[in-house]
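The values are calculated or read from the model by the stated rules, or taken from the named source; none is laboratory data. Small disclaimer: the values here were computed from a predicted structure and weren't measured. Virtual Cβ from ideal backbone geometry, glycine too; neighbours counted across all protein chains shown. Surface areas here come from the heavy atoms of the whole protein model, side chains and all, with no ligands, DNA or RNA. Shrake-Rupley method; radii C 1.70, N 1.55, O 1.52, S 1.80 Å.
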Number of protein chains: 2
Amino acid sequence: MSGAPAGAVESDAARGIRLMIADDEHLIRGALVALLNLEPDIEVVAHADNGVAAVEQAIAARPDVCLLDLEMPGADGIEAAARILAQVSTRVVIVTRHARPGVLRRALASKVSGFVPKSTPAEELAHVIRDVAGGRRYIDPEIAAAALTAERCPLTDRELDALRFSRGAMSVQQIAERLHLAQGTVRNYLSSAMTKLDATSRHDAAEKAWQQGWI
Amino acid sequence: MSGAPAGAVESDAARGIRLMIADDEHLIRGALVALLNLEPDIEVVAHADNGVAAVEQAIAARPDVCLLDLEMPGADGIEAAARILAQVSTRVVIVTRHARPGVLRRALASKVSGFVPKSTPAEELAHVIRDVAGGRRYIDPEIAAAALTAERCPLTDRELDALRFSRGAMSVQQIAERLHLAQGTVRNYLSSAMTKLDATSRHDAAEKAWQQGWI
DNA sequence: CGCCCGGCGTGACAAATGTCACTGGCATAG
DNA sequence: CTATGCCAGTGACATTTGTCACGCCGGGCG
């Protein structure tokens, strides 16, 4: 928000990583801003409290690195990352509370450079930011391992389709219309998915599949 | 963790508020510890990443103020607060992501002194801690207003009974047995509760009632 | 080729769930 | 006293959900 210093300093100036922070929780955002500003080689040049604002801020401030929370109103971190990277030459680090394997895959598909859970020690974060600013990538080893270990999804394509719509409280009727199928068919897929996932209701199944990052 | 300085300094020494911080997210806990330690009159003397550890730490370190996250594994913030206050002469501030009226009521019933959402600006937090250390109370005005505005629970006793069991996935059949009622009766209470709470399923209703602190 | 297997798709059926109309008790206002 | 309203309690009914047995198709395999 503070005006850029007079003209010439470009983003790849030798000293100082220009950082943007986006997190919807004021307390945490404030703490991170203050904390990272203490690092001698990091300068927080912008911050936002939702995905849409994050994109605007990134375009305006052109930071070297963007630190995005995954869970944000408006546009989630990955969506914001995709939009930012499409328009600005920068690198993105995603921070998340619920680090599921599938999310990591989505994130990597959006070309983010870093992926860390909020269980990361604070000191480590500055380290990651420097790595990423230097052109390297950083993926939290725990999550990476989980993503690679994760058993292949046992669900069939159509089962996944049906499950996808089951989140967000659509009725079987509505799902059937949406997929151009008979109600019984949809129920069948859902039932089958429930069996495979050992769930007691389709909401439960959808939840579990989501946790695994399969939908 | 660090050993206490030689003997005599007691917790009500004139200078310095001894603070404990509990939050299960390492990143946030670390940021808060660092940030609040920067305040000249605050000293972070312990921290924990779950409710049980928080109680132990509080007993061991005897801080002046405990800052507890509401959402923690083990024991949630309010439970931890109750246990701490039963054994240590200290004051508790609860910090939470989802600030719902009912939670505030539960918290106050446990004699906590402060209640703030994570949307609080970071600068404000130190202020709150000083207030509380000084024996005053601080309740986030937004939440307080919401709690006072919140209409009285519209549910009848039996509806509440039925809802209580509906959390934890008991079937109508089982609830009926447990309450010595006919299944139809239970369904009726549940249905009525759903209408009153504008919910689409009994789980939904139970969830909403819980959110409000009614069960 | 003939066979079997796995995924897709369907309808019939049963159980669980939610809605409704109704009875009776009890308190309270008129 | 009577009327009114609220809550407890019940069963009949409609809807939704989950399970099953089945038919169809395409792709390996003996």
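Candidates are the residues of the stretch A:139-156 that are open to solvent by 40 Å² or more (accessible area, probe 1.4 Å) and touching a residue at least 40 places away in the same chain (Cβ under 8 Å); the one that is farthest from DNA strand D (Cβ to nearest atom) is A:142. Of the residues making up the stretch B:160-215, just one is touching a Cys at 6+ places or on another chain (Cβ under 9 Å) and either at pLDDT 90 or above or within 12 Å of DNA strand D (Cβ to nearest atom) (or both), namely B:160.
Can you give me the number of residues within the stretch A:87-116 that are facing chain B (nearest Cβ under 10 Å) and buried (at least 19 other Cβ atoms within 10 Å of the Cβ)?
2
Output the residues belonging to the stretch A:194-204 that are open to solvent by less than 50 Å² (accessible area, probe 1.4 Å) and more than 10 Å from DNA strand C (Cβ to nearest atom). The answer is A:194, A:197, A:199, A:204.
Report whether or not residue B:79 is more than 14 Å from chain A (Cβ to nearest Cβ), touching a residue at least 24 places away in the same chain (Cβ under 8 Å) and open to solvent by 50 Å² or more (accessible area, probe 1.4 Å). So residue B:79 passes the test. Each residue in the stretch B:22-63 was checked for being crowded, with 22+ Cβ neighbours inside 10 Å and assigned to a loop (DSSP other than H, G, I, E, B), and 2 of them qualify.
Against the definition (within 14 Å of another protein chain (Cβ to nearest Cβ), open to solvent by 60 Å² or more (accessible area, probe 1.4 Å) and in contact with a helix residue (DSSP H, G or I) (Cβ under 8 Å, 6 or more places away or on another chain)), how does residue B:183 come out, yes or no?
no
The condition (being under 30 Å from residue B:108 (Cβ atoms) and open to solvent by 60 Å² or more (accessible area, probe 1.4 Å)) is satisfied by just one residue among B:207, B:177, B:159: B:207. Quick check on residue A:12: is it over 21 Å from residue B:97 (Cβ atoms), away from chain B (no Cβ under 14 Å) and at pLDDT 90 or above? No: the conditions fail for residue A:12.
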